[in-house]
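Report on one structure; see the data block that follows.
The values are calculated or read from the model by the stated rules, or taken from the named source; none is laboratory data. Predicted model, so just to flag it, every value in this text is computed and none were measured. Every residue, glycine among them, receives a Cβ derived from its backbone with ideal geometry; neighbour counts consider all protein chains shown. Ligands, DNA and RNA are stripped out before the accessible areas are found, and what is left, the full protein with its side chains, is counted by its heavy atoms. Shrake-Rupley method; radii C 1.70, N 1.55, O 1.52, S 1.80 Å.
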Amino acid sequence: MREAAETLTVRARTRYVMGMLVAALYAEAGDMKAAIDWLERAYEQHGALLEYIRISPEFEALRPDPRFRTFFAA
């Protein structure tokens, strides 16, 4: 998972990469900081799939993190 996330991170320097996908890969790899960073990037990109982060199993480990909950603040 980490290798795929890092490959996409490098690719994102020159072309669009869906932030939600990279965040999920980092979350699955156990790198919570990088996962949150990429979720923030997805938010800035107005990622269409962000509405699913509450129920996506890939983000289960992130749910207790206060930074994760900021995505739901109104």
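Tabulated data for the structure shown
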quantity	calculated
In region 1-20, the residues that are aliphatic (A, V, I, L, M), assigned to a helix (DSSP H, G or I) and under 11 Å from R41 (Cβ atoms)	M20
Hits in region 11-20 - residues which are open to solvent by 80 Å² or more (accessible area, probe 1.4 Å) and either of a type in the set (K, R) or modelled with pLDDT of 95 or more (or both)	R11, R13, T14, R15
Matching residues in region 21-54 - criterion: being in a loop (DSSP other than H, G, I, E, B) and either in contact with a His (Cβ under 6 Å, 6 or more places away or on another chain) or modelled with pLDDT under 90 (or both)	Q45, H46, G47, I53, R54
Enumeration of residues in region 26-54 that are more than 17 Å from D65 (Cβ to Cβ) and buried (at least 19 other Cβ atoms within 10 Å of the Cβ)	G47
The listed residue being among the charged types (D, E, K, R) and free of Cβ contacts under 8 Å to residues at least 12 places away in the same chain, out of E28, E58, E3	E3
